[in-house]
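The values are calculated or read from the model by the stated rules, or taken from the named source; none is laboratory data. The shown structure was predicted, so the numbers you read here are calculated from the model rather than taken from an experiment. Heads up, the Cβs are rebuilt from the backbone with ideal geometry, glycines too, and the neighbour counts pull from every protein chain shown.
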Amino acid sequence: MAPIRLEPLCEAHLPGLEEMLTDDGVLRFTRVPEPVPPGFAKTWLGSYEAARREGTREAFAIVDADEATFLGIALAVQIKREEQSVELGYVVAPPARGRGVATEGLRLLTEWAFAELDALRIELWIDVVNEPSKRVAEHCGYVREGVLRSVYFKQGRRHDFEIWSRLPTD
Ligand SMILES: CC(C)(COP(=O)(O)OP(=O)(O)OC[C@H]1O[C@@H](n2cnc3c(N)ncnc32)[C@H](O)[C@@H]1OP(=O)(O)O)[C@@H](O)C(=O)NCCC(=O)NCCS
């Protein structure tokens, strides 16, 4: 796989982000509202930029290290500084899937969370049927802890979620 890097998500990534929101897998496995409201990508970016200033969330674009092509996003969905814990998430654009981008993206994001947030616990919430995402978690050294049943997800939908975690000692 060509090398990738993470860079803070910004307006320049909006076209890639908007394109990604048309994918069924993204709608199925993320909290993006359905149907996607007009201008959602920009509003969503704005909310992450505000949260970045507050230190409660962070969003990165995953880009090709040579050409800076947009490949997906890597997120700190919820940063709990006092608890030194964080929930991470990731989405890869359909044309970039199946060649290790999410695995390398999560590896870099995990390193960032340990180094920059001093995280003592990192969590991933993965729908029980999302096999590719579970593979990504496993490849990055996360441990499956169990299943939360019938969690409110969005718009009246409830799903079963596997909780995966990584500690600095893993
Ligand atoms: C999940 C997602 C991020 C994976 O991205 P990706 O770049 O294709 O992931 P990788 O290539 O690093 O790894 C995918 C792994 O899943 C495996 N895989 C793919 N489809 C699979 C399936 N149906 N069943 C089991 N494993 C599968 C691949 O073989 C690969 O494992 P391997 O490296 O052992 O061969 C991407 O599919 C996506 O964005 N989905 C929609 C959003 C989403 O689900 N985000 C995660 C929310 S928790």
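The table below lists the values:
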read-out: Members of segment 6-26 that are hydrophobic (A, V, I, L, M, F, W, C) and touching a Pro at 6+ places or on another chain (Cβ under 9 Å); value: Met20, Val26
read-out: Failed criterion for Phe153 (all others in (1) free of Cβ contacts under 8 Å to residues at least 60 places away in the same chain; (2) more than 8 Å from the ligand (Cβ to nearest atom); (3) hydrophobic (A, V, I, L, M, F, W, C) hold); value: (1)
read-out: Looking only at segment 11-31, and only at residues there that are part of a loop (DSSP other than H, G, I, E, B) and without any contact (Cβ under 8 Å) to a residue 40 or more places away in the chain, the one that is nearest to Asp66 (Cα to Cα); value: Leu21
read-out: Checking Phe40 against (1) in contact with a Pro (Cβ under 8 Å, 6 or more places away or on another chain); (2) over 26 Å from Val151 (Cα atoms), the condition it does not meet; value: (2)
read-out: Residue match in segment 125-144 (condition: surrounded by fewer than 21 Cβ atoms within 10 Å (Cβ to Cβ), of a type in the set (Gly, Ala, Ser) and either within 6 Å of the ligand (Cβ to nearest atom) or modelled with pLDDT under 95 (or both)); value: no
read-out: Residue within segment 107-119 that is in contact with a helix residue (DSSP H, G or I) (Cβ under 7 Å, 6 or more places away or on another chain), within 18 Å of Leu167 (Cα to Cα) and not aromatic (Phe, Trp, Tyr) present; value: yes
read-out: Residue in segment 29-47 that is modelled with pLDDT of 95 or more and farther than 28 Å from Tyr152 by Cβ present; value: no
read-out: Residue, surrounded by the fewest Cβ atoms within 10 Å (Cβ to Cβ), within segment 21-78, restricted to residues that are of a type in the set (D, E, K, R) and more than 20 Å from Pro8 (Cβ to Cβ); value: Asp24
read-out: Given (1) surrounded by 23 or more Cβ atoms within 10 Å (Cβ to Cβ); (2) near the ligand (Cβ under 8 Å from one of its atoms); (3) in a loop (DSSP other than H, G, I, E, B), index of the condition Ala119 fails; value: (2)
read-out: Condition check for Ala68: more than 12 Å from the chain's Cα centre (by Cα) and away from the ligand (no atom under 14 Å from the Cβ); value: yes
read-out: Close pairs (8 angstrom Cβ cut-off, 6 or more residues apart or separate chains): β-branched (Val, Ile, Thr) in segment 128-139, more than 6 Å from the ligand (Cβ to nearest atom) and not in a helix (DSSP H, G or I) anywhere; value: Val128/Val147; Val128/His159; Val128/Asp160; Val128/Phe161; Val128/Glu162
read-out: Test: residue in segment 122-143 that is among the aromatic types (Phe, Trp, Tyr) and more than 23 Å from Ala68 (Cβ to Cβ); value: yes
read-out: Residue list for segment 86-95, restricted to those being under 15 Å from the mean Cα position of the chain (by Cα) and either without any contact (Cβ under 8 Å) to a residue 40 or more places away in the chain or loosely packed, with under 14 Cβ neighbours inside 10 Å (or both); value: Val86, Glu87, Leu88, Val92
